[in-house]
Each structure stands twice: as C-alpha cells, then as structure tokens.
C-alpha cells in the first residue's frame, strides 16, 4: 500500500534505526585491492526514531531536522519524484560521537519514503543516493540486518562494501559504552583530511589482523568465548588506534574515556575499544549482572564532574524496524499494515 492508494485514511511510516558500534578497520592500506574492511555490531538502547506522513509541503521537526530535509532533497533529485512530507524525529542518535548517526538518519528517511510511496527500494538502493558506504559498510549492514557484521572493504568497482560475515551476537553479553559529553570525534572535512594525511598501513599488520579475526575472533564469538573474542577486538583496536593517533591525539580521542576504559579493563572487562573516531569507547561483559557491577563501579569512580557517562547496552540482532500504519481518524485507532 502506497501513499496514493487510500484517500480515506492517513498513512504514516515509522522507522526505528539502531546505533552501531564500529569495532575497527581490517586493512587500511588495501594491498590486495580492497581498502578498509570493518567489523561492528548493532546496539539496542540508542536509536533514531522518526515518523513520516504526507503533507502539503516538506517539513521536519526534532533533532536532526535539517539533515532529514537535506536527505529528502537528495532522494527527490535522484528519484525524480517530489516528496511533500512531514517528518517528526522523536529521538536521534547523537552526532559525531562514533555511533553512526548520519547513516542511520538518512537511511531511515529513505526507507520511510520508500514504504510511504510504495517504491520498493532496498537499503542498498538508497545508501548510494545519500553517499553512504564511502569507507565502512557497517552502518548500512546494521540498518539492514543487525548483529555482528564484517564487511569486505572497497574494491575498484565497489558501490557499497559487501557483507562477508554476519553472526548473531550473544544476547546475554553486554556492551558497556563510555560517552564523553565534552568531546566530539573527527568528522566532515577534518575526517577526510585525516585519512589523506596518514601513512600507508602496513600490509603485514593488515594480514595479521585479518588472520586474528577469521581464525580466532569470529570462531570465539560463535562458541561464546567472550575472552577470546575480546582479545581480538582489543588487539585490533590497539593497532588501528595507534595508527590513527596522530590524527586524533592518541590511541583514544578522549583522555577521559581512555582512563575509564583502563579502569574497566582492570576490573575484568574485555574487548576494550573506541567506536569509529570516538569519543565513545566500549568494552564487553559476559552478562547483565557482571555488566551492572562494572558500570556501577565506573560511575562511582568517575562520577561528578568528569563529563563521562556510562551506558549498559544490549546487542541488536535485527535491523531497523520499518512500519507502515493507517490512521483511521473516525475510529481513533492506528492499524499496522
């Protein structure tokens, strides 16, 4: 059912797009012809939530409204179709803290348009229109299917980095996010310039990281060996963090996050890392009870005026929720289509 198929009811598209943790790059040098390659996972507790309805003109309200309008205009140009809609953004993933805010918002807008207008477009049809997937394909893959995803990087003719592995992330494991509300990660022109200025990533190191992930990290995940998986993520993060250190001021963007992660590691957390350019850091705990103990200890140690916030999060093993609803005003109810 599309926006034009019923004049008696109001149609509304709703999208919930989860945040993603970018756990690191695999081959920043591209010695085999494919550059980047990434690993990441979806997170349930932080998401962009929006609704879209037909209107007489294009409007958007809420956090990220300007970006949502810009995304609609890109779809107007690419699809050669006018979209007069009202967008209401209830929640938005905070921008430039390493959780994939831009990708999730733009894909949410695109999928809402597709569902509302009956366009039958996939996530991978929409992503190139808003220029997503230029380096990492993790945000697109998490929107599409959730879980733990590995993409194969960019080859000469790649439009969107292909997903080469997608695994269920153990539902009982917990992700501890360390947020620094005083800092932002590199983005925009600064990010592009940072990539341009960095030296060639050693092929030998890339080979080592890929070997580690394929023959230790992914099997450990399947066998629910959190320590083995965590060791691989931590080593990958050390390698890539040190490579990016000249651009971001150290292995971690935020000195406060670095201190908090060192404390959590000393308390037994594993899989220590930074998502994308940060400043958001993360680590893993084997279950909710252990995770709550670690978060409580960290809040006690770093509470007060540090600007740090600790969030106990669960992995999301499904992609974005995209729903079309028919609002019957005469009966005052909403029907899911």
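The values are calculated or read from the model by the stated rules, or taken from the named source; none is laboratory data. Please read these numbers as outputs of a predicted model, since none were measured by experiment. Heads up, the Cβs are rebuilt from the backbone with ideal geometry, glycines too, and the neighbour counts pull from every protein chain shown.
Side notes on the structure shown:
- Residue match in region 14-37 (condition: free of Cβ contacts under 8 Å to residues at least 40 places away in the same chain, farther than 30 Å from residue 233 by Cβ and either in the same structural domain as residue 139 (by TED's automatic domain parsing) or in contact with a strand residue (DSSP E or B) (Cβ under 9 Å, 6 or more places away or on another chain) (or both)): no
- Tally of residues being exposed (fewer than 13 other Cβ atoms within 10 Å of the Cβ) and either modelled with pLDDT of 90 or more or part of a loop (DSSP other than H, G, I, E, B) (or both) across region 187-207: 3
- So residue 288, is it surrounded by fewer than 21 Cβ atoms within 10 Å (Cβ to Cβ) and either within 26 Å of residue 31 (Cβ to Cβ) or under 24 Å from the mean Cα position of the chain (by Cα) (or both): yes
- Within region 93-124, restricting attention to residues that are touching a strand residue (DSSP E or B) at 6+ places or on another chain (Cβ under 6 Å) and assigned to a helix (DSSP H, G or I), the residue that is surrounded by the fewest Cβ atoms within 10 Å (Cβ to Cβ) is 116.
- Taking region 255-337 as the region of interest, the strands (runs of 3 or more DSSP E) fully inside it that hold 1 or more residues being touching a helix residue (DSSP H, G or I) at 6+ places or on another chain (Cβ under 8 Å) and modelled with pLDDT of 95 or more are 270-274, 281-285, 308-313, 321-328.
- The one condition in (1) touching a helix residue (DSSP H, G or I) at 6+ places or on another chain (Cβ under 6 Å); (2) modelled with pLDDT of 95 or more that residue 92 fails to fulfil: (1)
- Residue selection: residue 86 fails the criterion of being surrounded by fewer than 24 Cβ atoms within 10 Å (Cβ to Cβ) and part of a helix (DSSP H, G or I).
- Qualifying residue in region 155-176 (condition: surrounded by fewer than 24 Cβ atoms within 10 Å (Cβ to Cβ), touching a residue at least 60 places away in the same chain (Cβ under 8 Å), in a loop (DSSP other than H, G, I, E, B) and on the phi > 0 side of the Ramachandran plot): no
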